[in-house]
Amino acid sequence: MRNTNNSGCLTAIVSSFSRIMLLMYWIARPVQMNAAFNTFILPCLGFLFLPITTMVYVWLLQGVGNSIQGLDWLWLILAVVMDLATIGGAGYANRNRLPAGVPGATTPPPSQPPSSTPGSN
């Protein structure tokens with residue numbers, strides 16, 4: 001029996017929740033985002049690859065001294081672990097969508113028939 005996913009848009013909203021929250025935070029508090037990053041590239045890369053880590057980093061830099069110290073590193077490491085778990089979970093959930101023969105696919109590649117060379121009979 002084949003499993004189907006009939007949840008529609010709910011899956012897209014839940015899976016992109018951290019990116020939506022980071023975007024809303026960026027729109028609501030652009031001064032904090034600009035204070036945390038000197039360039040536009042780093043927050044954009046954070047939005048694409050590590051959104052939870054980017055958001056936690058911005059929250060942590062708003063404290064006294066604008067530097068990460070002490071238990072702030074714990075929160076930042078937990079955010080990185082959450083981002084990596086999200087990426088790994090998505091890869092694990094979609095592993096059956098990979099074509100056969102690709103590393104990580106759940107179905108083995110189709111067997112090739114033995115090639116016949118002329119004159120080998």
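Every number here is computed from the coordinates shown, using simple stated rules; none is lab data. Keep in mind that this is a model prediction, so the values were computed, not measured. Note that we place each Cβ from the backbone using ideal geometry, even for glycine, and neighbour counts take in every protein chain shown.
The calculated pair-distance distribution of the stretch 11-96 uses every alpha carbon pair, bins of 5 angstrom beginning at 0, and gives 3, 14, 23, 24, 18, 10, 5, 2, 1, 0 percent.
In order along the stretch 38-50, the Karplus-derived 3J(HN,Hα) couplings, from 6.51 cos²θ - 1.76 cosθ + 1.60 at θ = phi - 60°, round to 8, 10, 7, 5, 4, x, 5, 5, x, 4, 6, 10, 9 Hz, and Gly and Pro are given as x.
What net charge is computed for the residues neighbouring residue 50, neighbours being all others with C-beta under 11 Å from the C-beta of residue 50, Lys and Arg scored +1, Asp and Glu -1? Net local charge, residue 50 excluded: 0.
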